[in-house]
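All remarks here apply to the structure that follows.
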Amino acid sequence: MAQALDQHAERAYAELATARQQQICEKLFKALTDKATDPRGVRRPTTLGTLCALAAATPAEVRDVIDVFRNRGRSF
């Protein structure tokens, strides 16, 4: 099951159009995942403003990346 989720995320990641979007995506996933308490990773709710600051990105840039992961048939 874990591999299926990884593959699902990798397909979405591959759809990001630019290296900049991939960079933002990597920072978002690191900010949203807490591996300190569970090696599998636990979701950590974070505000859009915080994500923008951590990724050094505008709200529009962050939303564009998030939207790829919210496409129909995905559940991230």
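What follows is calculated from the coordinates using simple rules that are stated; it is not laboratory data. Everything numeric here is computed off the predicted structure, so don't read it as measured data. All Cβ positions, even for glycine, are placed from backbone atoms using ideal geometry, and neighbour counts span all protein chains on display.
Considering only the other residues whose Cβ falls under 14 Å of the Cβ of A53, what net charge follows from Lys and Arg at +1 and Asp and Glu at -1? Summing Lys/Arg as +1 and Asp/Glu as -1 gives +1.
Amide H contacts of T33: R44, each under 5 Å away and 5 or more positions distant or on a separate chain (H built 1.01 Å from N in the peptide plane; Pro and chain starts excluded).
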